[in-house]
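Encoded as structure tokens, the structure appears first; notes follow it.
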Amino acid sequence: MPEKIRTLIIGSGPAGYTSAIYASRAGLSPVLYEGMEPGGQLTTTTVVENYPGFAEGVDANILMDQMKKQALRFGTDIRRGRIRSVDFSSRPFRLTDDKDNELVADSVIVATGASARYLGLPSENRFKGMGVSACATCDGFFYRKKTVAVVGGGDTACEEASYLAGICSKVYMIVRRDVLRASKAMQERVMNTANIEILWNCNTQEVLGDMNGVTGVRLLRKDGKVFDIDVDGFFLGIGHHPNSELFKDWLKLDENGYIVTLDGSSRTSVEGVFAAGDVQDPRYRQAVTAAASGCRAALDVERYLLENNL
Ligand code: NDP
């Protein structure tokens, strides 16, 4: 017999835990699967300085641990492991976890987040958290009055470069073609910022560093020239991919794979399935906005269960 669950939450970032806190307090008996990366993307960073309520900043792992404990305190059933398959063709929804347990759920909140893309260089991996970052708003502050590089030419890279230009003395943008993919407005913004220099037609060969972290980047230009630049930080801005693969046959996704939510709510194209956090948000992608959308999802679930006598 499959296990019957009233509210199943998939994911354990700020969106998942916040929806769990609200759902458990509302008596919806939520079960939360932590997924592949317990605590979510935030756990790949160090100090979170822009989450309200922590005047001195907060260690990302402590923040996530506190959210988990808060959800546990109100009775959320938090489980290690991930959901392996879903079937949203009929209600209740049918799911299987990675231990082959079968579940049926009256409502589902998808909060599986997104993952930043990396170049895949061994040197980039070596200096992750030691100068290599995929989040300017998280880590930019640590490079005050220093020199950094941002890879990419899309809106994310331009936004990161603009943000960093307000903090750092110099920002290089490493762009692999001779054009930016970003919107006109963002292009103009970076072009008109005095301390941003765009290195066109360049690919990163290697992130250079020592025991203390990143010291530079070795670049290969399209004309064959190899050269090094000195930087203290190396930021990835080559996009994110939403973790929506599992749902692609069931839920409406946008052209970049983000789950489409309806009318500014957390409702998805399947009634009874809700989405929160970065998996449905290509724009803001902040811990606080993810937490807020988790709250909205729990409130939407509560209403849905009530209206459907579930
Ligand atoms: P994009 O896919 O738009 O851009 C990715 C950029 O990274 C491109 O310039 C691409 O180069 C470059 N790139 C990709 N892979 C590599 C690689 N291996 N080496 C070097 N460069 C690489 O992603 P974004 O995250 O920028 O944007 C995603 C979506 O979100 C877009 O629709 C964007 O408009 C939107 N967005 C909107 C924002 C806003 O409105 N404020 C803010 C951020 C994103 P190339 O061009 O050569 O392919």
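The values are calculated or read from the model by the stated rules, or taken from the named source; none is laboratory data. Predicted model, so just to flag it, every value in this text is computed and none were measured. No Cβ is skipped: glycine too gets one built from the backbone with ideal geometry, and neighbour counts run over all protein chains shown. Surface accessibility is based on the protein's heavy atoms, side chains included, excluding ligands, DNA and RNA. Shrake-Rupley method; radii C 1.70, N 1.55, O 1.52, S 1.80 Å.
For region 39-131, what is the convex hull (Cα atoms) projected area averaged across all directions, in square nanometres? The partial results should precede the final answer.
Details: hull surface 36.1 nm².
Its Cα hull, projected and averaged over all orientations, spans 9.0 nm².
Given the peptides 193-205, 156-168, 124-136, arrange them by the average over their residues of other C-beta atoms within 10 Å, most packed first.
Descending packing order for the listed peptides: 156-168, 124-136, 193-205.
Tell me, what HN-Hα J-couplings in whole Hz come from the Karplus equation 6.51 cos²θ - 1.76 cosθ + 1.60 at θ = phi - 60° for each residue of region 7-17, using x for Gly and Pro?
With coefficients 6.51, -1.76 and 1.60, one gets 10, 9, 10, 10, x, 10, x, x, 5, x, 5 Hz.
If you average the C-alpha positions of region 196-242 and of region 251-303 separately, how far apart do those two centres end up, in angstrom?
About 34 Å separates the Cα centre of region 196-242 from the one of region 251-303.
Pull up all non-local amide H partners of Asp59: gap of 5 or more, or a different chain, and H-to-H distance under 5 Å with H placed in the peptide plane.
Val48
Taking θ as phi - 60°, what are the ³J(HN,Hα) couplings along region 103-113 by the Karplus curve (6.51, -1.76, 1.60), each to the nearest whole Hz, with x for Gly and Pro?
10, 10, 10, 6, 8, 9, 10, 8, 9, 8, x
For region 63-119, what does the relative contact order come out to in percent, with C-alpha contacts under 8 Å and a separation of six or more?
19
Among 223-230, 114-121, what's the highest-first ranking by average C-beta atoms within 10 angstrom per residue?
114-121, 223-230
Considering amide H positions built from the backbone, and no H for Pro or chain starts, which residues 5 or more places from Asp228, or on another chain, come under 5 Å of its amide H?
Those qualifying (amide H under 5 Å, at least 5 residues apart or on another chain) are Leu219.
Suppose every K and R has +1 on its Cβ and every D and E has -1 on its Cβ; what is the size of the dipole of the chain about the Cα centre, in Debye to the nearest 20?
The dipole of the chain has a size of about 180 debye.
P(r) for region 242-310, please, calculated from all Cα pair distances in 10 Å bins and given in %.
22, 53, 23, 2
Non-local amide H neighbours of His240 (under 5 Å, H modeled in plane, Pro and chain starts lacking H): which ones?
Under 5 Å from the amide H of His240: Arg117.
What share of all Cα pairs of the chain, in percent, falls into each consecutive 10 Å distance bin?
Bin by bin from 0 Å, the calculated values are 6, 26, 30, 21, 13, 4, 0.
Near Lys145, which lysines are there with a Cα under 26 Å away, not counting those fewer than 8 places off in the same chain?
Straight-line reach from Lys145, under 26 Å: Lys128, Lys170.
So what's the back-of-envelope 222 nm ellipticity for the chain, counting only DSSP H runs of four-plus at -39500 (n - 2.57) apiece and dividing by all residues, rounded to 500?
Taking each H run of at least 4 residues, the total per residue is -7500 deg cm²/dmol.
Starting from the Cα gyration tensor of region 159-310, take the square roots of the eigenvalues, sort them a ≥ b ≥ c, and report rounded, prolate or oblate (rounded when a/c is under 1.5, otherwise prolate if a/b is larger than b/c, else oblate).
On the way: a/c = 2.66, a/b = 2.53, b/c = 1.05.
Prolate, since a/c reaches 1.5 and a/b exceeds b/c.
Which one of Thr147, Ala161, Leu95 is farthest out on the positive end of the charge dipole of region 49-193, using unit charges on Cβ (Lys, Arg +1; Asp, Glu -1) and the Cα centre as origin?
It is Thr147, whose Cα lies furthest towards the positive end.
Hey, can you find the accessible area per residue of the chain for me, probe 1.4 Å, expressed in square angstrom? Provide the component values of the computation, followed by the final result.
Values: 15220 Å² over 310 residues.
Result: 49 Å² per residue.
What angle, in degrees between 0 and 90 and rounded to the nearest 10, separates the Cα long axis of helix 60-73 from the longest principal axis of the Cα atoms of the chain?
10
Using a 1.4 Å probe over the heavy atoms of the protein chains, calculate the carbon and sulfur portion of the accessible area of the chain as a whole percent. List each step's numbers first, then the result.
Values: 7260 of 15220 Å².
The value for the chain is 48 percent carbon and sulfur by accessible area.
Please turn the phi angles of region 76-87 into ³J(HN,Hα) values with the Karplus equation 6.51 cos²θ - 1.76 cosθ + 1.60 (θ = phi - 60°), one per residue in order, whole Hz, x for glycine and proline.
5, 8, 9, 10, 5, x, 9, 7, 9, 9, 9, 9
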